[in-house]
Amino acid sequence: MDKLKELYNIYYYISPLDQADSAESNRLLNLYWSGICFFVTLAFLVLELVFKREYYHEHRLQILYMAGACLSIALSFVLSIATKNVSREKAYILKTLPFYVIYCWCGTTCPIILFYNQANHYNGLIVFLCATNIVLCIFTASLPLLAVIFASCAAMVPGVVRFFGVYGTFNYAVAVLIIFVLFFINRYRLKQRIALVKKQRSIIEAKTFGNFTILHEGKAIKFSRSKTTELVAYLICKNGSSVNTKELLCALYGEHADSARYGSSLRVLISDAKRTFAELEIQNFFTAEYNNFRINPEAVKCDYYDFLAGDSKAIKAYAGEFMSQYSWAEDTAAFLERKALA
């Protein structure tokens, strides 16, 4: 048992803080995916209620499934919005919670109910297997997800043995094995990506006290456009939180900036940042997903982040100036001043 634990820690264990960036990706994916799924599921529910109202008792389980799905998806959407600005220490749990709300109802609970209560038992089983495989291919794997999958697989075993016999049980065992292989592949790849990010931390440094500068191997990173430096500075100031296009436009071009006039300029800056980091072989640092942009704080050494973590050297090094060349940094500078005095 100790040997297995040691192997798991080496190849698969990831601390909650290290998963904060992946949790934000899960949150954004769930935010946009749940919005689309809500309207699709609601449309099917309305069709069921309108065209099969005379056969309600025969289709009540499907109606219950879709009604519950609409509620869980709506709740998940709200939670995805509410957890945008949670601290990185809590992101691992809180930002993936919205996704679990949908999966636990649509991917496990309802398929198990359908599996045991319908004449056609394949329906619930296929929904569960398909939903679980899709989830493992799209979202990052976590231990709570593994626990839910394991409990759901175990709950279906008695029914599989009773309904499908020995041959069906063998096929089910193979399908479950594939699911767990996918889980550990997903987990291993995530750990490898995080290891790469941590390695980059030794060669990327952001200096925010005074004027902002970002360094690669001790040399200032030169972007094609000076405004790109401000874009990166703003994202570093946001400490890993996602920023949408509208917020970036306001920060870079003023409160009255509109996407019609400045949108193309912002796209040029984003392309410049991507290209520059790619040329320097910096990976998983600058992320653009679903019209949202962020940097991964775990990939950069930064005096601002050290200050927030309570590092005494960083606190002493702060002399009242924070990204002095940018007006939008004044509020953060005032916050740091109060924290330093406290």
Say whether the condition of being in contact with an Asp or Glu (Cβ under 9 Å, 6 or more places away or on another chain), among the aliphatic types (A, V, I, L, M), open to solvent by less than 60 Å² (accessible area, probe 1.4 Å) and farther than 24 Å from TYR326 by Cβ is met by at least one residue in the range 212-233.
no
Report, by residue number, each residue of the range 85-95 that is surrounded by fewer than 24 Cβ atoms within 10 Å (Cβ to Cβ) and either in contact with a Ser or Thr (Cβ under 7 Å, 6 or more places away or on another chain) or farther than 19 Å from PRO16 by Cα (or both).
ASN85, LEU94
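Can you tell me which residues in the range 110-146 are β-branched (Val, Ile, Thr), within 18 Å of ASN30 (Cβ to Cβ) and assigned to a helix (DSSP H, G or I)?
Of the residues in the range 110-146, the ones β-branched (Val, Ile, Thr) are 112-113, 126-127, 132, 134-135, 138, 140.
Then drop every residue that is not within 18 Å of ASN30 (Cβ to Cβ), which leaves 132, 134-135, 138, 140.
THR132, ILE134, VAL135, ILE138 - these are the residues of the range 110-146 that are β-branched (Val, Ile, Thr), within 18 Å of ASN30 (Cβ to Cβ) and assigned to a helix (DSSP H, G or I).
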For LEU336, indicate whether it is in contact with an Asp or Glu (Cβ under 9 Å, 6 or more places away or on another chain) and over 24 Å from THR83 (Cβ atoms).
no
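Take the conditions under 21 Å from the mean Cα position of the chain (by Cα) and acidic (Asp, Glu) and apply them to GLU48. Does it pass? I'd like the intermediate steps shown before the answer.
On the way: under 21 Å from the mean Cα position of the chain (by Cα): no; acidic (Asp, Glu): yes.
Considered against the rule, which asks whether it is under 21 Å from the mean Cα position of the chain (by Cα) and acidic (Asp, Glu), GLU48 comes out as no.
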Some residue of the range 17-24 being crowded, with 19+ Cβ neighbours inside 10 Å and over 16 Å from ALA195 (Cβ atoms)
yes
Scanning the range 115-157 for residues that are open to solvent by 30 Å² or more (accessible area, probe 1.4 Å) and of a type in the set (Gly, Ala, Ser), the one modelled with the lowest pLDDT turns out to be ALA119
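Given the options ILE236, ILE204, name the one that is under 20 Å from LYS84 (Cβ atoms) and crowded, with 17+ Cβ neighbours inside 10 Å.
Working: ILE204 fails: under 20 Å from LYS84 (Cβ atoms).
Only one candidate passes the filter, namely ILE236.
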Determine, yes or no, whether LEU196 is within 30 Å of the chain's Cα centre (by Cα) and either in a strand (DSSP E or B) or at pLDDT 90 or above (or both).
no
Counted residues, the range 299-320 - those being modelled with pLDDT of 90 or more, open to solvent by 20 Å² or more (accessible area, probe 1.4 Å) and either closer than 30 Å to TYR32 by Cα or outside any helix (DSSP H, G or I) (or both):
2
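The values are calculated or read from the model by the stated rules, or taken from the named source; none is laboratory data. Since this is a predicted model, take the numbers as computed values, not measurements. Using ideal geometry, Cβ is built from the backbone for each residue, glycine included, and neighbour counts are taken over all protein chains shown. Protein only, heavy atoms only, side chains kept; ligands, DNA and RNA dropped before computing areas. Shrake-Rupley method; radii C 1.70, N 1.55, O 1.52, S 1.80 Å.
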